[in-house]
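Please read the structure below before turning to the comments.
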Amino acid sequence: MMSEDADQLLVVYDDHSDQRSLSLDETSSTEESPDETKLSLETTNDAVPYIGQRFATHDAAYEFYSEFAKRCGFSIRRHRTEGISVQQMMRLMELEKCVEPGYLPFTEKDVRNLLQSFRKVDLEDESIDLLRMCRNIKDKDHNFQFEFKLDPNGRLENIAWSYASSIQSYEVFGDAVVFDTTHRLNAFDMPLGIWVGVNNYGMPCFFGCALLREENLKSYSWALKAFLGFMNGKVPQTILTDQTLCVREAIAMEMPAAKHAYCIWLIVAKFPSWFNAVLGERYNEWKGEFYRLYNLEAIEDFEMGWRDMVNSFGLHTNRHINTLFASRTLWALPYLRSHFFAGMTTTGHSKAINAFIQRFLSAQTRLAHFIEQVAVAVDFKDQAGEQQTMQQNLQNICLKTGAPMESHAASILTPFAFSKLQEQLVMAAHYASFQLEDGFLVRHHTKLEGGRKVYWVPREGIISCSCHHFEFSGILCRHALRVLSTGNCFQIPERYMPLRWRRINTSAKLLQNTLSDHAERVQLLQGMVSNLVTESAKSKDRLDIAVEHVSILLSRIREHPVPSARYARTDLFT
């Protein structure tokens with residue numbers, strides 16, 4: 001039951017257990033309460049609803065609340081909905097039965113099979129329409145890619161697809177990927193796999209989609225193979241997923257060269273159901289300690305701290321704690337810092353990615369129209385991204401340190417990436433460096449012990465730090481920057497400003513193959529663009545002139561033909 005304050009309505013949601021499910025055109029129906037409502041045998045004139053109240057039939061409940069609403073001065077309506085996800089159903093039943101997750105006498109698959117038996121939707125007809133839709137899109141756009149698999153009975157089992165713009169984005173930003181398999185098309189109860197990344201401006205970019213009939217190793221392996229086929233076999237350096245075991249096994253089979261890790265935000269989302277009741281008032285205290293351990297740098301510190309945490313909160317026998325520790329190499333940062341994740345382990349990126357995915361999810365979408373719905377969402381995101389990119393570029397960049405390295409980086413990196421580097425540059429001023437026989441020791445000026453070990457070979461332009469910040473984020477750390485500054489280095493070495501964080505558009509991805517041949521011209525152009533933005537933003541008249549002439553220039557450039565979209569693979573993160 002749900003009260004609607006705005007309309008003073010009390011909504012009664014029908015259960016589907018004894019009624020047929022709705023078709024796609026019957027997803028919502030309402031019935032207003034009559035002026036005169038007869039009471040059922042279960043009601044009395046002074047009856048008041050209470051938590052846990054039960055009724056023999058839906059009509060009995062409707063009559064009871066109609067009478068109660070009339071006495072209280074408001075009306076109700078009967079509303080039928082496709083309700084909630086299977087996961088939510090399971091959680092509600094676990095709460096009602098007071099059992100921990102996973103201890104009900106039936107599984108999510110059992111519930112899905114039951115619901116599927118109620119469904120009226122003809123998946124076979126829907127599948128035919130979906131394939132027809134894909135072929136129509138392919139006829140109009142030869143760069144659109146899709147792959148499908150039929151079962152022995154000729155019915156659609158799996159389908160995956162990617163758009164031309166997505167394939168272009170992957171060429172440049174496919175080094176770190178999220179493969180999100182936590183969503184479903186509720187109307188068809190089909191698992192949905194979505195490949196997403198982050199571009200040079202820190203915004204989510206869509207790579208591909210897969211609809212599967214089953215959640216098993218075979219299906220996920222097929223999806224990964226199809227995805228690699230779209231992307232000319234290019235394997236991501238890192239891939240983030242949820243904790244599904246068959247997804248982990250599929251990645252080990254199809255992408256053995258990729259570093260696989262778990263999305264921390266999907267793990268943290270389960271904490272309330274796992275630990276709230278167990279820890280009670282100490283839950284927030286424990287969560288703070290968990291985050292502290294998660295963000296540590298040294299593996300030894302993490303494992304020692306984890307043992308102390310388990311002892312302090314009495315969690316020795318907790319199965320979730322034991323499972324987390326057993327899989328620690330897949331989610332804890334001390335084990336992941338030497339691998340590149342493009343910042344996608346942060347809370348901000350996780351929210352942005354989830355919001356992007358939610359844009360094209362709909363419980364009532366026709367299967368054949370879903371692919372168009374995703375395309376619209378991707379196109380909308382691309383346009384919004386272009387506008388946000390322009391806004392970032394038009395903003396005056398404020399230099400905070402006055403160091404030559406800072407101004408050099410500002411002319412090459414995107415505002416998003418430069419802001420991350422600038423944070424490290426500002427902090428570098430608070431660190432002292434001490435030369436050792438085999439490198440440098442860098443520590444905060446207030447500390448007398450500890451620090452980070454930095455190795456620098458000036459002649460070869462190579463620098464590395466024991467904190468692995470660059471390997472993890474693609475941005476040099478404050479420790480390395482301090483050593484460079486101490487050594488009178490006025491520009492950040494070329495290799496430590498990766499192409500994927502530079503001021504390039506995805507349509508300019510050819511630079512990844514030609515950078516070595518045209519580095520001087522590219523850097524010259526980037527500097528000119530940076531100066532153009534800085535000078536144009538000083539007044540409205542200047543900005544109007546710049547927009548007019550740049551638009552003409554872009555039109556002339558676009559008239560020139562571009563090579564085939566099948567580009568050779570180049571490792572951008574060098």
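The values are calculated or read from the model by the stated rules, or taken from the named source; none is laboratory data. Please read these numbers as outputs of a predicted model, since none were measured by experiment. Positions of Cβ are backbone-derived with ideal geometry, glycine not excepted, and every protein chain shown enters the neighbour counts. Surface areas here come from the heavy atoms of the whole protein model, side chains and all, with no ligands, DNA or RNA. Shrake-Rupley method; radii C 1.70, N 1.55, O 1.52, S 1.80 Å.
Annotations for the structure displayed:
- Förster radius 51 Å - calculated FRET efficiency between Glu249 and Glu535 (Cβ-Cβ, nearest 0.05): 0.40
- Sparse packing (at most 15 other Cβ atoms within 10 Å of the Cβ) combined with a DSSP loop state is found for the following GluC sites (Glu not before Pro) in the range 171-268: Glu214.
- Sequence of Thr329, Thr414, Thr446 from largest to smallest accessible area, 1.4 Å probe: Thr446, Thr329, Thr414
- Overall form of the range 146-222 per C-alpha gyration tensor (a/c, 1.5; a/b vs b/c): prolate
- Accessible area of the range 244-332 belonging to carbon and sulfur atoms, whole % at 1.4 Å probe: 53
- Fully extending the segment from Thr401 to Lys447, taken as 0.36 nm per residue of separation minus the present Cα-Cα distance, adds 14.3 nm.
- Of all DSSP beta bridges confined to the range 127-269, the antiparallel ones make up roughly 75%.
- Cα gyration tensor category, rounded, prolate or oblate, for the range 131-181 with a/c compared to 1.5: oblate
- Accessible surface of the range 404-463, 1.4 Å probe, proportion on carbon and sulfur as whole %: 55
- Residues whose placed amide H lies under 5 Å from that of Glu157, excluding near-sequence neighbours: Lys149, Leu150, Asp151
- The slack in the chain from Phe490 to Tyr291, taken as 0.36 nm per residue of separation less the alpha-carbon distance, amounts to 68.0 nm.
- The range 188-243 versus the range 289-346: alpha-carbon centroid distance in Å: 26
- Cα gyration tensor shape for the range 320-364, rounded if a/c is under 1.5, else prolate or oblate: oblate
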